[in-house]
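Engineer: Structure provided below as C-alpha cells; questions to follow.
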Amino acid sequence: MTGWSCLVTGAGGFLGQKIVHMLVQEKDLHEVRVLDKTFKPEVKSEFSKLQTKTKVTVLEGDILDVQCLRTACQGISVVIHSASVIDIWNTNPRETIMNINVKGTELLLEACEQASVPIFIYTSSVEVAGPNSYKEIIQNGHEEEHHESMWSAPYPYSKKLAEKAVLAANGSPLKNGSTLRTCALRPMYIYGEGSPVLYGIVNRALRNNGVLENTGRFSVANPVYVDNVAWAHILASRTLRDPKKATNIGGQFYYIADDTPHQSYDNLNSTLSKIGGLHPDSSLTLPLPVMYWLAFLLETLSFLLSPIYKYRPPFTRHLLILSNSVFTFSYRKAQRDLGYEPKYSWEEAKQKTLGWVGSLVEQYKATMKTKTT
C-alpha cells in the first residue's frame with residue numbers, strides 16, 4: 001500500500017482535473033502522471049501548483065500513440081482511464097469516437113500488460129446500460145439487473161465495447177508474472193462547476209434573453225456531482241491496492257450516483273441557473289411519440305443525403321430517449337464494495353455549481369457592456 005504512483009488519462013478534462021486534485025492528497029502517492037492530448041495553459045498552471053509531497057508530471061500525447069502509452073505506463077502502480085470522446089450530439093465522425101474510446105482503451109490495456117501495471121480503473125458511463133426506450137422505466141436499478149444499451153450510436157456503443165474489454169482483461173497475466181486487476185465505474189449524468197454541458201446551456205440561454213432550452217422535460221434522472229464521481233475513483237484505487245479486497249472487486253462494474261434528488265434534466269438546469277436569473281422555456285412542446293417519429297424521419301433524411309451532403313439532424317432518437325426517460329440507479333454496490341459515500345451533499349454541490357454559473361453570467365454581462373461602450 002506504500003510508495004505507489006498513478007497515471008490519469010484525460011486529466012485535462014472536466015472529471016480528470018477533479019481526480020488529479022483528489023489524488024495528490026492520497027497517502028504515500030509519490031507521483032501522478034497526467035496525460036492528455038493537449039492541456040489548456042491555465043490547467044497546466046493549476047497542476048504546477050499541486051507540486052507538494054506528490055510529484056505531478058504533465059504528459060501531452062495521443063491515446064492512440066503506442067510509444068507514448070508505453071512511456072507513460074512505465075513504473076506506474078494504478079491507471080485511471082478517464083479519457084474519451086463524449087459525444088451524444090454526433091458532432092464527431094464515428095471512426096474518431098470508436099478509435100479513441102475503444103482502440104485507445106485496448107492499446108492502454110496492452111501498455112499496462114507490457115509495463116506490468118497491476119491496477120486499471122475505467123471511467124465508463126451509465127449510457128452503457130441504456131436507456132433503450134422512453135417507455136421502459138428503470139428506477140433505482142442495480143448491477144445485478146444486467147441492463148445493456150442496444151444503441152448503435154457511436155458514443156454508447158464505444159463505451160460499452162471499451163468497458164467489456166477492460167472487465168475481460170481482469171486476471172490477465174502481466175509481463176513480470178503478476179496479475180492485472182480491473183474495474184469500471186458508471187457515473188450518472190455528471191454536473192458541477194466546469195461542466196462543458198452546463199456551460200453550453202447557460203451561454204445559449206444568455207444569448208436567448210435568459211430562456212433555458214428544453215433538454216429533458218419528461219425525464220427522471222439521478223444526476224451526480226463531479227467531485228463525488230472523482231471520489232469514487234479514489235476509493236476504487238484504494239480498494240484495488242488492498243490485496244484482500246482486489247480479488248472480489250476485480251472485473252466488476254459500479255454505478256456511481258449520490259444524494260442529488262431524482263429530477264428531470266430541465267429541473268436540474270433551472271435549479272443550477274437561478275442565480276443568473278435564467279428561467280425555463282414555458283412554451284409548449286410536441287408530444288414525445290411525435291418527436292420520436294420526427295427524429296426517425298430526420299435520421300432517414302440524413303442517411304439518404306449522405307452520399308452527396310452531410311446533414312446532421314438537430315436531434316436523434318437516441319438523444320431524445322436519453323434525455324426523456326425514467327432511468328435511475330442505486331450506488332449501494334459501490335457503497336458495499338468500495339466504501340463509497342458521497343463526499344459532498346446535494347446542498348453543497350448545488351451552492352458550488354450556482355457560484356460558478358453566477359460567475360459565467362457576470363462574465364457575459366461584462367463582455368456585453370464592453371461591446372456597447
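Engineer: Return the single residue from Thr54, Thr300, Thr247 with maximal mean-square fluctuation; model: Gaussian network over the chain, springs between Cα atoms under 10 Å.
Structural biologist: Thr300
Engineer: Using 0.36 nm times the number of residues separating Lys369 and Ser133, minus their current alpha carbon distance, what extension gain do you get?
Structural biologist: Length gained between Lys369 and Ser133: 80.4 nm.
Engineer: What's the exposure ranking of Trp346, Trp356, going from fewest to most Cβ atoms within 10 Å?
Structural biologist: Values: Trp346 15, Trp356 18.
By the 10 Å Cβ count, ascending: Trp346, Trp356.
Engineer: Spin-label point model (7 Å from Cα, Cβ direction): what's the Thr91 to Ser152 distance in nm?
Structural biologist: Placing both labels 7 Å beyond Cα along the Cβ direction yields 2.5 nm.
Engineer: OK, next. For Ser270 paired with Ser330, estimate the spin-label separation in nm (one decimal), with each label point 7 Å from Cα along the Cα-to-Cβ line.
Structural biologist: It is 3.0 nm.
Engineer: Would you grab the residues whose amide H sits under 5 Å from the one on Thr179? Only those 5+ places off in sequence or on another chain, please, with H modelled 1.01 Å from N.
Structural biologist: Under 5 Å from the amide H of Thr179 lie the amide H atoms of Leu174, each far enough along the sequence or on another chain.
Engineer: If r is the Cβ-Cβ distance from Lys49 to His142 and R0 is 41 Å, what FRET efficiency results, to the nearest 0.05?
Structural biologist: 0.55
Engineer: Using +1 on the beta carbon of Lys and Arg, -1 on that of Asp and Glu, and nothing else charged, what's the dipole of the chain about the Cα centre, debye to 20? List each step's numbers first, then the result.
Structural biologist: Values: 39 positive and 35 negative charges, 104 e Å.
Magnitude of the dipole: close to 500 debye.
Engineer: If the reach is capped at under 23 angstrom between alpha carbons, list the lysines near Lys103, excluding any in the same chain fewer than eight residues apart.
Structural biologist: Cross-link targets: Lys37, Lys159, Lys160, Lys164, Lys175.
Engineer: So if R0 is 41 Å, what FRET efficiency would His30 and Val290 give, r being the distance between their Cβ atoms, rounded to the nearest 0.05?
Structural biologist: Step by step, r from the Cβ atoms, then E = 0.10.
Engineer: Which order do Phe327, Phe303 fall in if you start with the one that has the fewest other Cβ atoms within 10 Å?
Structural biologist: Values: Phe327 27, Phe303 10.
Going from least to most buried by this count: Phe303, Phe327.
Engineer: Once the other residues with Cβ under 11 Å from the Cβ of Met291 are scored (Lys, Arg +1; Asp, Glu -1), what is the net sum?
Structural biologist: Counting the neighbours of Met291, the net charge comes to +2.
Engineer: Could you point to the label whose value was computed as Cα extents along the principal axes in Å for the structure here, given (1) 62, 49, 44; (2) 83, 48, 38; (3) 59, 51, 40?
Structural biologist: Checked against the structure: label (1).
Engineer: With each pseudo-label sitting 7 Å past Cα toward Cβ, what's the Val211-Leu174 distance in nm, one decimal?
Structural biologist: 5.7 nm
Engineer: Under 22 Å between alpha carbons, and skipping anything fewer than 8 positions from Lys369 in its own chain: which lysines qualify?
Structural biologist: Filter leaves Lys274.
Engineer: Find, among the trypsin sites (Lys or Arg not before Pro) in segment 1-52, those assigned to loop by DSSP (not H, G, I, E, B) with at most 13 other beta-carbon atoms within 10 angstrom.
Structural biologist: Working: sites: Lys18, Lys27, Arg33, Lys37, Lys44, Lys49; in loops: Lys27, Lys37, Lys49.
Passing both the DSSP loop test and the Cβ count: Lys27, Lys49.
Engineer: Non-local amide H neighbours of Gln74 (under 5 Å, H modeled in plane, Pro and chain starts lacking H): which ones?
Structural biologist: none
Engineer: If you don't mind, another one. Please turn the phi angles of segment 151-165 into ³J(HN,Hα) values with the Karplus equation 6.51 cos²θ - 1.76 cosθ + 1.60 (θ = phi - 60°), one per residue in order, whole Hz, x for glycine and proline.
Structural biologist: The phi angles translate into 6, 9, 4, x, 5, x, 5, 5, 5, 5, 5, 5, 4, 4, 5 Hz.
Engineer: Please list, ordered by chain and number, the residues whose modelled amide H lies under 5 Å from the amide H of Val326; skip anything fewer than 5 residues away on the same chain.
Structural biologist: HN-HN under 5 Å from Val326: Ile138, Val220.
Engineer: Can you run phi through the Karplus equation (6.51, -1.76, 1.60; θ = phi - 60°) for segment 139-150 and list ³J(HN,Hα) in whole Hz, with x for Gly and Pro?
Structural biologist: Karplus-based 3J(HN,Hα) across segment 139-150 equals 10, 6, x, 8, 4, 6, 7, 6, 6, 9, 5, 9 Hz.
Engineer: Taking the Cβ of Gly141 as the center, what net charge do the other residues with Cβ under 15 Å away carry, scoring Lys and Arg +1 and Asp and Glu -1?
Structural biologist: Local net charge: -3.
Engineer: Let me ask something additional. Which net charge results for the neighbourhood of Met368, defined as the other residues with beta-carbon distances under 13 angstrom from its beta-carbon, given Lys and Arg at +1 and Asp and Glu at -1?
Structural biologist: Charge balance near Met368 sits at +3.
Engineer: Got a sec to turn the phi values of segment 236-245 into Karplus ³J(HN,Hα) couplings, 6.51 cos²θ - 1.76 cosθ + 1.60 with θ = phi - 60°, whole Hz, x for Gly and Pro?
Structural biologist: Listing the rounded values in order: 5, 5, 5, 5, 5, 7, 8, x, 5, 9 Hz.
All of the numbers you see were taken from the coordinates with simple rules; none came from a lab. Quick caveat, the model's predicted, so the values are computed rather than measured. Heads up, the Cβs are rebuilt from the backbone with ideal geometry, glycines too, and the neighbour counts pull from every protein chain shown.
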